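Okay, so here's the structure we're looking at.
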Amino acid sequence: MFGETTYLDNSATTRLDERVLEAMQPYFFETYAVATSEFGYSLGIEAREALDAARGVLAARLGAAPEELVFTSGSTESSNLALKGVALALGGKKGRHLVTTRIEDFPVLNTARALERQGFEVTWLDVDGDGLVDPDAVRAALRQDTILLSVQHANQEIGTVQDIDAIAKIAYDAHVLLHTDATHTFTRLPIDVSGSGAAASAGAGAGEEGETSPESGADLGIGRREGAPGPDLVTISAHTIHGPRGVGALYVRDRTPIRKWMDGGFQEYDLRAGVEDIPGAVGFAAAAGLVTPKENERLRALRDRLLDCALGEIPHTTLNGHRTRRTPQNANVTFHFVEGESITLQLDMRGFAVSTGSACFSKSLEASHVISGIGGDHERAHGSVRFSFGRFNSMEDVDNVIEAAAEVVAQLRAISPLAPKD
Amino acid sequence: MTKFPYNEIVLEHFKHPHNVGEIEEADGKAIEGSPACGDMVSVTIKVDPDKNTIDDIKFQSYGCASNIATGSIITDLARGKTLDEAKKVSWKDASEELGGLPPIKAHCSVLAVEGLRAAIRDYEERNGLVTEREPTTLKTIEKRLKHVMNPLMGLDIVRTDLVKSVSFEGGIVKVVVDLDESHQFAQAIKNDIAEKIEPLWDVELVEVEFTG
C-alpha cells in the first residue's frame, strides 16, 4: 500500500533522489574521516576537499563566495543562527529591535518569539489577502535600533513569493541587515545575492537556459537587477529538493556582524560548531545540481493544472495564496463546508498524501497561523488543503488526485450541515 | 501495512456514518459549535411522546474524522432509548463503543455528545418538561464559556486565556475579554458568548466587554 502512495506533500519533505544517495555513499564508507586542515592526513584532506567542493557548488548557485556559506543541520538551525547570531552580535550595540512577518515558518517565527522573551522587541508585519508584505509597511517599521529584518522568500503553506529585491533595497537604504528564509525557493526560483543581476536571466538557477518570461519565475527571484542590494543572510535546505534530511546552510554575506550561538569547535568559519557532515554536504550539492529549469517548468505545469481543476471543477473552492506570485511546487485551496482532516484522511485511504491547515490535523490543535495571517477566519483554515509537487509526480497524479478530491469533498459535503443543498 | 491515525471501527463509521441527515419537522434540534471557530454538529430527534423515547435521530457534521465517527455512534446509542437514558450517554461511552478515540480528539468529538443533549433539552423546553432549575453560578458560566471558541487558536476562550473576568449579579452576566474591540473576531466571540449564556433561565442580560 505504501508503495502505491501518491505523495503530494513535497513542501513538508521530499523523497531522496537515488543519485544523491549514490554521491553521498563514498563519504560514509571510504572517505569517512573528519575534514582536517591542509596539513592533516590524506583521508582528512580528501574529506576537506569534498566539503569545499560541495560548498563551492552551493555558493555558486547563490552567486556567493564559498566562504560565505555555512553548513548547518537544516533550515531550523540556519534561521536560528541568522536571528540569534545577529542578536548576539548587535544586541548590546546597535539595538534590540527586529522586524519580521506574521506568516514566517516556525524557525523564524519561534526564534523571534524566543528573542522577544529575552527582552528584544519584535515588530510583526501583517500581510495582505494573497500573503504579500507591503514594502511601505516594511519601510515604516525599520528604526535606528533595528538590527535585523527577516522576510521569507516564499511561504511554506500558501507558496506566496515576496518581492525580496524591493525589500532588500529598503533594508539597505535603512542600514538594516536582511535575512530571508529561502527553504522553499532555493533552486526552484533564481537567487543571486551578488548584485550582478544574474537572476533576471539565469532561469531557475542552472543558468544554461535563459528564461525571461514571467511564467519562468525569473521575476520572482532574488537579484534581478545589476547593482541592486541583496539579502545579507539566506536560509536554504536540502530535504525540500530531494536531498538528505538534516542538512542545510546559511548564506552569510562577507563582514555581516554575526556570532555563533552554539558553542563548541571552530568549524564553518567559527560560526557553526560540530564535526562537519560531509556526506550531507555532498548530498546537498548533488541535489541542487539535479534541479533544472526544465523540472521547475514541469512542476509549474502540475501546479497550474491542479489549481485550474480544483477551482474550476469543484464548487465552493477558493485559492489560498497568490495566483502567479507563488512557488512552482505549491498549490493550496480551501474546500468550503468541509474539514481538512476529514479530507486528508479520506484521500489517504485512497492512496494520496496531502496536508491541511486545519486545527484538527495539527499536534497543537491550532489552526494555521498563515491562513489567519492572510485574513482567513478559522473556517478558511479548516478546509484548506496543500498539494505540493516534486520530481516524482506526474500529470496523471494531478488528474487522479483531483478526481479523488472532487469525490471526497462531495461525500463530506453530503453530511455537512453547512453545505448548500443542491 | 498502512497506518491510519484511527482504529478500524472509527474508520468504518467515518467512511460510512450512520443516521446522517436532518429530520424534517423534528421534535428537538440543536447545533453545537460554530463554523467560524471549528467543528460543528447538528442533531435532530423525533420523540414518541407516550413512551418518551427517541424514535428517530439524525446528525450532520462539519468536522474531522473523530467528530463524524462520534456523531455516527452516538446516534446509534441514543436511538430507541428514553430521554433520560439518552441524556446519560457520554463521550466515554461513545469512545468505548468506537474502540477508543485519541484523547487529544476529545474536544472535537465531545461536540456530538453535546449536540445530542442539547437536542433533548430543546425538546424538553419546547414541551415544558424542564423541571430542575438550579441557580446559575460562576462555575456554570465558565463551563459554558469553554464552548466558545477562540478562532485565532481553534481552542476555547477559557483555555487560551482570553477571558479576563466573569461576574454574575442581579441577573446580569458580565464577561471581560482580553481582546481589542476592533479585532476581526471580537464580534463573533461576543455573539458566541451571548448565545451560550443567554439560555440560562435566571440570566437576563449578557454584557461582553473588551479590554482594548
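The values are calculated or read from the model by the stated rules, or taken from the named source; none is laboratory data. What you are looking at is a predicted structure, and each value in this text was computed from that prediction instead of being measured. Every residue, glycine as well, gets a Cβ built from its backbone with ideal geometry; the counts of neighbours run over all protein chains shown. Calculation scope for accessible area: heavy atoms of the full protein, side chains included, ligands and nucleic acids excluded. Shrake-Rupley method; radii C 1.70, N 1.55, O 1.52, S 1.80 Å.
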What is the pair-distance distribution P(r) of the stretch A:106-204, computed from all Cα-Cα distances in 5 Å bins starting at 0, with each bin given as a whole percent?
2, 11, 21, 24, 21, 13, 5, 2, 0
How about the stretch B:102-203: which GluC sites (Glu not before Pro) there lie in a loop by DSSP and see at most 12 other Cβ atoms within 10 Å?
B:Glu132
About its Cα centre, what dipole magnitude does chain B give when the only charges are +1 on Lys and Arg Cβ and -1 on Asp and Glu Cβ, stated in debye to the nearest 20?
600
Note down the relative contact order for the stretch B:8-126 as a percent, whole number, built from C-alpha pairs under 8 angstrom at least six residues apart.
31
Hey, got the average number of other protein chain Cβ atoms within 10 angstrom for residues in A:373-383?
4
Order the peptides A:168-176, A:276-284, A:40-48 from the highest to the lowest mean number of other Cβ atoms within 10 Å of their residues.
A:276-284, A:168-176, A:40-48
Restricting things to alpha carbons, tell me how big the stretch B:1-125 is in terms of Rg and Dmax, in Å.
13.9, 52
So if I take the centroid of the Cα atoms in the stretch A:283-307 and the same for the stretch A:121-174, what is the distance between those two points in Å?
26
Sort the following peptides by mean Cβ neighbour count (other Cβ atoms within 10 Å, averaged over residues), highest first: B:46-54, A:385-393, B:101-109.
A:385-393, B:101-109, B:46-54
Starting from the amide H of A:Asp181, placed 1.01 Å from N in the peptide plane, find each other amide H under 5 Å away whose residue is 5 or more places distant or on another chain.
A:Val151, A:Gln152, A:His153, A:Thr235
To the nearest 0.05, what FRET efficiency results for A:Asp134 and A:Glu226 with a Förster distance of 25 Å applied to their C-beta separation?
0.45
Just need log10 I(q)/I(0) for chain B at q = 0.07 Å⁻¹, Debye formula, equal scatterers on the alpha-carbon atoms, no solvent, rounded to two decimals.
-0.23
Can you work out the FRET efficiency for the pair A:Glu407 and A:Ala12, with r the C-beta to C-beta distance and R0 = 25 Å, to the nearest 0.05?
0.55
Take the alpha carbon atoms of the stretch A:5-36, find their center, do the same for the stretch A:37-113, and report the distance between the two centers in whole angstrom.
20
Give me the percent of DSSP beta bridges within the stretch A:18-290 that run antiparallel, rounded to the nearest 5.
40
Evaluate peptide A:345-356: per residue, the Cβ atoms of other protein chains within 10 Å of its Cβ; return the mean as an integer.
2
Pull up the cross-link candidates among the lysines for B:Lys92, meaning alpha carbon to alpha carbon under 18 Å and not fewer than 8 places away within one chain.
B:Lys81, B:Lys105
Would you work out the relative contact order for the stretch B:70-212, in percent, from Cα pairs under 8 angstrom that are 6 or more residues apart?
18
Zero-based 20 Å bins, Cα pair distances in chain A, whole percents
27, 56, 16, 0
Can you run phi through the Karplus equation (6.51, -1.76, 1.60; θ = phi - 60°) for the stretch A:14-20 and list ³J(HN,Hα) in whole Hz, with x for Gly and Pro?
10, 6, 5, 7, 3, 5, 5
Please state the relative contact order of the stretch B:138-210 as a whole percent: Cα pairs under 8 Å, 6+ residues apart?
31
Rounded to the nearest 100 Å², what is the buried accessible area between A and B, both sides summed, probe 1.4 Å?
2700
Once each part is reduced to its C-alpha centroid, what is the distance from the stretch B:24-78 to the stretch A:263-281 in angstrom?
59
Computed on alpha carbon atoms, what radius of gyration and Dmax characterise the stretch A:118-168, expressed in Å?
11.7, 33
For A:333-339, mean number of other protein chain Cβ atoms within 10 Å:
3
Counting other C-beta atoms within 10 Å, and keeping those with at most 13, which DSSP coil chymotrypsin sites (Phe, Trp or Tyr not before Pro) do you find in the stretch B:131-204?
B:Trp201
Cβ neighbours within 10 Å, averaged per peptide: list A:15-25, B:55-65 in order, most packed at the top.
B:55-65, A:15-25
What distance in nm lies between label points placed 7 Å from Cα along the C-beta direction at A:Leu43 and A:Arg102?
5.6
